[in-house]
Amino acid sequence: MVRWQPGSRGRLEVAALALYEERGFESTTVAEIAERAGLTERTFFRHFADKREVLFGGAGALQELLVRTAGDVPDSASPIDVVSAALEAAGGALQERREFAVQRQRIIAANTELRERELVKLASLASALAEALRQRGVTEPAATLTAEAAIVAFKVAFACWVDQSDKQDLPEVIRYALNELKTVI
């Protein structure tokens, strides 16, 4: 039997991910997740708006981390170095939950609706980064181009990190991808 993470939210996440992998995202109900976690549906809805939020609930915190980090980078940094620092910070946060991230990615890859939601999330992150760059005085189209290109590099780095067997640190993989982008440009 799986050892539960402490707290209701963690138990619900473990149960949901296990069921999504066993039965598929679409075939899993909130009632089944709550039952597997030994909790009630009401408790589920205290933590998540719907069953998708188990997979996407951290998007707001990730976006806040990106924007905050971009704002903390010295004014002398180039736009690409600003977004690089922000994405490496996000990578550090994701690194702490590698097992969850890998399992989450497998589930998303198996479902068209979830893949679309992931693309929307990435677009929101790019918009937030572009706005953070504009707040630093970066003009258009440089702010949007830098943010969008950096998110593409992040997406590629994340896919490599999830698929690798040597468990290299995500911030390091992100740094490598962004350096490759700089070389290409």
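No value in this document is a laboratory result; all are computed from the given coordinates. Owing to the predicted nature of the structure, the values given are computational and were not obtained by experimental measurement. Because the Cβ atoms are built from the backbone with ideal geometry, glycine has one as well, and the counts that use them run over all protein chains shown.
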Legend entry - Inter-probe distance in nm under a simple model that places probes 7 Å from Cα toward Cβ, at D81 and T112: 4.5
Inset, instruction - Quick one: go through region 148-185 and flag any residue whose amide nitrogen is under 15 Å from the point 7 Å out along the Cα-to-Cβ line of R134. - result: 148
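Apply the membrane-span-like helix rule to the chain: whole DSSP H runs, Cα extent along the own long axis of at least 27 Å, mean Kyte-Doolittle hydropathy at least 0.0. List the helices found. Before the final figure, lay out each step's value.
Values: long enough: 112-135 (35 Å, -0.05); 142-163 (32 Å, 1.37).
Sorted by number, the helices that extend far enough and score high enough are 142-163.
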Inset, instruction - Evaluate region 41-128: find the radius of gyration of its Cα atoms, find its Kirkwood radius, and give the ratio Rg to Rh. - result: 1.03
Inset, instruction - Before anything else, pin down the relative contact order of the chain: Cα pairs under 8 Å, at least 6 apart, normalised by residue count, whole percent. - result: 20
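Could you please tell me the mean projected area of the C-alpha convex hull for the chain, averaged over all directions and given in square nanometres to one decimal?
On the way: hull surface 46.0 nm².
In nm², the orientation-averaged hull projection of the chain is 11.5.
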Legend entry - Extension gain from V30 to A123, taking 0.36 nm per residue of separation minus the Cα-Cα distance: 30.7 nm
Legend entry - Mean projection area, nm², convex hull over Cα of region 8-53: 2.5
